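Q: The structure that follows is given in the form of structure tokens.
The values are calculated or read from the model by the stated rules, or taken from the named source; none is laboratory data. What you see is a predicted model, and the numbers here were worked out from it, not measured in a lab. So basically every Cβ, Gly included, is an ideal-geometry build from the backbone, and we count neighbours across all protein chains shown.
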């Protein structure tokens, strides 16, 4: 790939990762509630989930899903159900005082009350892995940067996908650090964290409904 085309691919990927969506919302809400480390763990979970789509697309599973309305519908409903589930849990979460904001709520904490980073990571993973739009995005975006004469297209797809995910990781880590910085300097955010839960919960439910209403791509 020519250098100018590679730089264009990187720039486009960074801009796309800066666009707010379920992934960014999850990272920011985790960082605001529990600090930069929790946001970074959420970002790592999102990145791990993205690997599922990259590998699947590279071996042709995403192409099959794009051509099969049944495959798309099954994954679409699974992803929508998970987003709605996360949103409802946030909407029903009990309000926390400013002192309690150092730890996340019971469903994300261990028995000792410490932050359960495994739960945060897995939620980030499933938020991304169960979203068929991510798979279709890779199927539509990455091939545009693969020249027709390339002999090993699956390998080229995999390498570009990994580059996209690597760059996206740093963007997501930046979201986590920025959100944690805001939480540490805006007392009103800390004192009203339960309102963030309500807003984030409503947005997650909205993302889930929007995903559920997404029509299968035409073959």
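Q: Can you give me the number of residues within region 192-207 that are buried (at least 17 other Cβ atoms within 10 Å of the Cβ) and modelled with pLDDT of 80 or more?
A: So the answer is 1.
Q: Restricting attention to region 166-191, which residues are surrounded by 15 or more Cβ atoms within 10 Å (Cβ to Cβ) and modelled with pLDDT under 75?
A: 183, 189, 190
Q: Given the criterion buried (at least 16 other Cβ atoms within 10 Å of the Cβ) and at pLDDT 90 or above, identify the matching residue among 35, 49, 87, 79.
A: Among 35, 49, 87, 79, only 49 is buried (at least 16 other Cβ atoms within 10 Å of the Cβ) and at pLDDT 90 or above.
Q: Looking for something modelled with pLDDT of 85 or more, farther than 24 Å from residue 209 by Cα, out of contact with any helix residue (DSSP H, G or I) (no Cβ under 6 Å at 6 or more places or on another chain) and in a helix (DSSP H, G or I) - is there at least one such residue anywhere in region 97-113?
A: no
Q: When residue 66 is evaluated against the numbered criteria (1) in a helix (DSSP H, G or I); (2) in contact with a helix residue (DSSP H, G or I) (Cβ under 8 Å, 6 or more places away or on another chain); (3) farther than 19 Å from residue 51 by Cα; (4) modelled with pLDDT under 70, which criterion, by number, is the only one it fails?
A: Among (1) in a helix (DSSP H, G or I); (2) in contact with a helix residue (DSSP H, G or I) (Cβ under 8 Å, 6 or more places away or on another chain); (3) farther than 19 Å from residue 51 by Cα; (4) modelled with pLDDT under 70, the lone unmet condition for residue 66 is (3).
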